[in-house]
Amino acid sequence: MVLPRLYTATSRAAFKAAKQSAPLLSTSWKRCMASAAQSTPITGKVTAVIGAIVDVHFEQSELPAILNALEIKTPQGKLVLEVAQHLGENTVRTIAMDGTEGLVRGEKVLDTGGPISVPVGRETLGRIINVIGEPIDERGPIKSKLRKPIHADPPSFAEQSTSAEILETGIKVVDLLAPYARGGKIGLFGGAGVGKTVFIQELINNIAKAHGGFSVFTGVGERTREGNDLYREMKETGVINLEGESKVALVFGQMNEPPGARARVALTGLTIAEYFRDEEGQDVLLFIDNIFRFTQAGSEVSALLGRIPSAVGYQPTLATDMGLLQERITTTKKGSVTSVQAVYVPADDLTDPAPATTFAHLDATTVLSRGISELGIYPAVDPLDSK
């Protein structure tokens, strides 16, 4: 039997050298083990499914962070969950980004190690994607190598531009009587059939021609039929060019989807717009239709998580949720994101907490009038109500 060098060393110097190297070897081994532990993916299993809420138990003491994305392999592909609460006893409560039909207890769950991330860049132009960045237009995968997390901090004060500038839209009645601030938030009010779609398409075209900028249209909790009609009209008018470069990216989380998807899809659209602003220095137009549905979805999620409701049944974090979205829409020294947000006012009550919270962030309002549209005047902007 060959004894280890430590015990066969006869000279005092050799023994001392071996003794000194032992702690170093031990420390190195510990570092290797720690590194291996960090690289090992955290896995858990489903313990409860209550509608869009899924509880996941982890055997390890290390739990996924709040807002981390978890994945479950399903026959249809993958189901993405977002961590919302730590319940104790190594269990987390999550919100599903898609339907949970067919999900059973005991299914394996994988922690991705970060928030939901979506593809960004010019490859997204002309495509329709969902809340987790998957294409839903049946035109194959999005060939983008870049992905960004949908949760991010707003630009710092040092990065933001302090100068107030007007964004020329090319629509005379808007530029003259109710101009838009570059990097501002604009509320778009108008009923069905008064020309919102035509107005939006004109803005997208003019921004592309005058500023060379791109647009991102985000459908939040609206009808799937309207999203389909908008896509077809954009193809007919050349805003979306299947053969060449398009001017707009479409992100949809429609009315039929779970509240988790509707509560996060606005952040997905904003993340794509932020890339064009920060990395390409563009003036980007971000359309959100409808900002009320964003608040409504947040209210549903809050109720499912068991939080005590606030006024009129809305979530107690209403102002915080709205602020996290709106504060990221701003002008920086590189470019700008200017947002046009359709605002639904429930029961025409302007004091309702949802529209009232939205109004606090708006820089301008554009009101489309049915009376003006009936005269055949488009865009049917009411100059007296708009400001």
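Worth pointing out:
- Within segment 95-109, the set of residues being in a strand (DSSP E or B) and either surrounded by 18 or more Cβ atoms within 10 Å (Cβ to Cβ) or touching a helix residue (DSSP H, G or I) at 6+ places or on another chain (Cβ under 6 Å) (or both) comprises 95, 96, 109.
- Counted residues, segment 310-337 - those being under 24 Å from residue 191 (Cβ atoms) and polar (S, T, N, Q): 0
- Candidate set: segment 239-249, residues that are without any contact (Cβ under 8 Å) to a residue 40 or more places away in the chain and exposed (fewer than 12 other Cβ atoms within 10 Å of the Cβ); chosen: the one farthest from residue 206 (Cα to Cα): 243
- Selection of segment 110-122 for residues being part of a loop (DSSP other than H, G, I, E, B) and either out of contact with any Leu (no Cβ under 7 Å at 6 or more places or on another chain) or among the polar types (S, T, N, Q) (or both) yields 112, 113, 114, 116.
- Residue within segment 48-61 that is under 21 Å from residue 251 (Cβ atoms) and touching a Pro at 6+ places or on another chain (Cβ under 8 Å) present: yes
- Segment 366-387, residues that are surrounded by fewer than 18 Cβ atoms within 10 Å (Cβ to Cβ) and either more than 14 Å from residue 191 (Cα to Cα) or among the hydrophobic types (A, V, I, L, M, F, W, C) (or both): 375, 376, 377, 378, 383, 384, 385, 387
- In the set 193, 184, 213, only one residue is in contact (Cβ under 8 Å) with a residue 12 or more places away in the chain, closer than 29 Å to residue 377 by Cβ and surrounded by fewer than 16 Cβ atoms within 10 Å (Cβ to Cβ); that residue is 193.
- Lone unmet requirement of (1) of a type outside the set (D, E, K, R); (2) more than 19 Å from residue 201 (Cα to Cα); (3) touching a residue at least 60 places away in the same chain (Cβ under 8 Å) for residue 162: (3)
- Of all residues in segment 341-359, those being under 22 Å from residue 184 (Cα atoms) and in contact (Cβ under 8 Å) with a residue 24 or more places away in the chain number 11.
Values quoted throughout were computed directly from the atomic coordinates according to the rules given, and no laboratory measurement underlies them. This structure is a prediction, so every number in the text was calculated from the model and none was measured. Quick reminder, even Gly has a Cβ in these numbers, built from the backbone with ideal geometry, and neighbours come from all protein chains shown.
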